[in-house]
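Here is the structure we will look at, set down as structure tokens.
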Amino acid sequence: MENLGTSKANWYGSRLVNHIIPEVDYFLYPNRYGLPKSTFFQDLLSLTKINRTGTFIASLIGGVGFAGGIAAGAWYLIAYGAITIILMYLSIAILNDVIDLKGDMINEPGKPLARGVISANFATGLSIGIFLLGLLVAFSFSELFGIFYLVEFAMGIIYCYWAKGSGIASYALMGFTHIAFPFLAGTIVMGAFGIDALLVAAYVYLTMFLGIVIKDFKDIEGDKATKIKTFPIIYGIKNAYKITVFGFLLAPLTFFIPWIYLGLPIWFLVLYALVAAWKLKHAKIMLGFPDSNVAKKILNQFRFAVMGEMLAWGMATI
């Protein structure tokens, strides 16, 4: 006969495996789900969206480089900054998926949380763990890095819980956290923050953040169901596309202004012109009001365009 202590131990063990972290069963016995073992790791990577950290890192490199860090060989700053940015983003991205679960079941039912193969509890715990690891890494390098990490994370929390789906505020905050803030942080850690850096940050922010509207055309049905107020829902699909086109055209129409004002090299103008040409091409496509699948492809390429612009700023002073 099983004693009381053993019964309690078995009950707690069963609860741990079957209720708190059901991913254990998915990880150990994926064949029960008709899946290869590697699927668990693929789902974790999908959950973290690590492939979307490029704009953060490129913006940080842009700031460090603009402040002379690339020319000075300050690669250790870029490396530490990239690690902390990645950890911060992973934490926020996972938490964002937990909050978006209801909408994702409509918009992207193939996501790990929407499929039910990874639980919200496990994802939340993973998010907290990654946040703490990132905090440790940031403060181990310097107090300044730690402060930047906390500020960026706080803005991510504000976006997830309050700003997201609140119209222009969500795009404005996302543009600042993804582009302007990492750029400014890069100049500050180099000890070269000044009016030129502030003007460049303001320029890239103002010429990019409306382009972020492109991310919401693929999520319209789920956003309607969860009452998230994105531009395609507030203004209608055609008007939202027109706003996005305006956002795409701002840089191509104005990039010669900072080039002249700052006296930047000709190759910077050429590199920026290539990105501008890409934006002009896709602005024309969007004026045809394409479906969500085309919008999704434009979004993926838009991230690379942003990275190209920010890296151009990083190399502008070499």
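When segment 58-85 is filtered for residues that are closer than 25 Å to Ile99 by Cα and either part of a loop (DSSP other than H, G, I, E, B) or of a type in the set (A, V, I, L, M, F, W, C) (or both), the ones remaining, listed by number, are Ile83, Ile85.
Residues Phe181, Phe139: which one is among the aromatic types (Phe, Trp, Tyr), under 30 Å from Ile70 (Cβ atoms) and touching an Asp or Glu at 6+ places or on another chain (Cβ under 8 Å)? So that I can check it myself, show each step before the final result.
On the way: Phe139 fails: touching an Asp or Glu at 6+ places or on another chain (Cβ under 8 Å).
Going through Phe181, Phe139 in turn, the sole match is Phe181.
In segment 135-144, of all residues being under 18 Å from Leu90 (Cα atoms) and touching a residue at least 24 places away in the same chain (Cβ under 8 Å), the one that is surrounded by the fewest Cβ atoms within 10 Å (Cβ to Cβ) corresponds to Val137. If you check Val137 against the conditions, is it within 22 Å of Lys279 (Cα to Cα), β-branched (Val, Ile, Thr) and part of a helix (DSSP H, G or I)? The answer is no for Val137.
For segment 145-166, the criterion of being surrounded by fewer than 18 Cβ atoms within 10 Å (Cβ to Cβ) and over 22 Å from Phe209 (Cα atoms) is satisfied by at least one residue.
Looking across segment 262-318, the residues that are touching a residue at least 60 places away in the same chain (Cβ under 8 Å) and among the aromatic types (Phe, Trp, Tyr) come down to Phe302, Phe304, Trp313. Being buried (at least 17 other Cβ atoms within 10 Å of the Cβ), among the hydrophobic types (A, V, I, L, M, F, W, C) and in contact (Cβ under 8 Å) with a residue 60 or more places away in the chain is a property that does not hold for Ala93. The residue that is surrounded by the fewest Cβ atoms within 10 Å (Cβ to Cβ), among those in segment 184-224 that are closer than 29 Å to Pro290 by Cα and among the small types (Gly, Ala, Ser), is Gly222. Filtering segment 216-234 to residues that are among the basic types (Lys, Arg) and more than 18 Å from Met105 (Cβ to Cβ) leaves only Lys229.
Among the residues of segment 181-219, those identified as assigned to a loop (DSSP other than H, G, I, E, B), more than 24 Å from Leu253 (Cα to Cα) and of a type outside the set (A, V, I, L, M) are Gly191, Phe193, Gly194. If the condition is being free of Cβ contacts under 8 Å to residues at least 40 places away in the same chain and under 24 Å from Ile85 (Cβ atoms), then segment 115-124 contributes only Thr124. Listed conditions (1) closer than 21 Å to Asn107 by Cβ; (2) in contact (Cβ under 8 Å) with a residue 24 or more places away in the chain; (3) among the hydroxyl-bearing types (Ser, Thr, Tyr) are all met by Thr177, apart from (1).
Here is the figure for segment 244-256: residues that are in contact (Cβ under 8 Å) with a residue 12 or more places away in the chain and surrounded by fewer than 17 Cβ atoms within 10 Å (Cβ to Cβ) total 3.
Values quoted throughout were computed directly from the atomic coordinates according to the rules given, and no laboratory measurement underlies them. All values derive from a computational prediction rather than experimental measurement. Glycine also receives a Cβ, built like all others from the backbone with ideal geometry; neighbour counts cover every protein chain displayed.
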